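One structure below.
The values are calculated or read from the model by the stated rules, or taken from the named source; none is laboratory data. Just so we're clear, the structure is a prediction, and the values are computed from it rather than from any experiment. As a convention, Cβ positions derive from the backbone with ideal geometry for all residues, glycine included, and neighbour counts pool all protein chains shown.
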Amino acid sequence: MAQTTPVIVYGAEWCAFCHVAMEYFDKKGVKYEYRDVDTNRDWLKEAVDKSGQMGIPVLDFGDKKIVIGFDRPKIDAALAGA
């Protein structure tokens, strides 16, 4: 199944795993929207509401598929539509 909407990456500039996740998406040709939770408190609230915790990155694949952190197997499963 082709990706039709971008993944939303909730992260921060200082977050190494946020950058790793975005680099992984770049290598795979996955479109994403980066939302810096340090610059926009509404995005921070969205990330916490979606994930139920304060950790980043929060990766929103739509359809209530949320991955917290850089968990490659879970990311690959979400991208595959599993």
Pairs returned, first residue in the range 14-26 that is without any contact (Cβ under 8 Å) to a residue 24 or more places away in the chain, second residue that is among the β-branched types (V, I, T), beta-carbon separation under 7 angstrom, 6 or more apart or interchain, are M22/V9; F25/V7
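How many residues does the range 35-54 contain that are of a type outside the set (S, T, N, Q) and surrounded by 14 or more Cβ atoms within 10 Å (Cβ to Cβ)? Walk me through it before giving the result.
Filtering the range 35-54 for residues of a type outside the set (S, T, N, Q) gives 35-38, 41-50, 52, 54.
Cutting the leftovers down to surrounded by 14 or more Cβ atoms within 10 Å (Cβ to Cβ) gives us 35-37, 43-44, 46-48, 50.
Counting residues in the range 35-54 that are of a type outside the set (S, T, N, Q) and surrounded by 14 or more Cβ atoms within 10 Å (Cβ to Cβ) gives 9.
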Look at the range 20-34 and say how many of its residues are surrounded by 11 or more Cβ atoms within 10 Å (Cβ to Cβ), farther than 15 Å from G55 by Cβ and either in contact with a strand residue (DSSP E or B) (Cβ under 8 Å, 6 or more places away or on another chain) or not acidic (D, E) (or both).
9
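Being in a helix (DSSP H, G or I) and of a type in the set (A, V, I, L, M) is the filter here, so list the residues in the range 1-43 that pass it. Don't jump to the end; show me each part of the working.
The initial filter retains those residues of the range 1-43 that are in a helix (DSSP H, G or I), namely 16-28, 41-43.
Scanning the range 1-43 gives A16, V20, A21, M22.
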Which one is nearest to D38 (Cα to Cα), of the residues in the range 50-66 that are among the hydrophobic types (A, V, I, L, M, F, W, C) and at pLDDT 95 or above?
I56
Hey, can you tell me all the residues within the range 1-11 that are surrounded by fewer than 18 Cβ atoms within 10 Å (Cβ to Cβ) and under 13 Å from the mean Cα position of the chain (by Cα)?
T5, P6
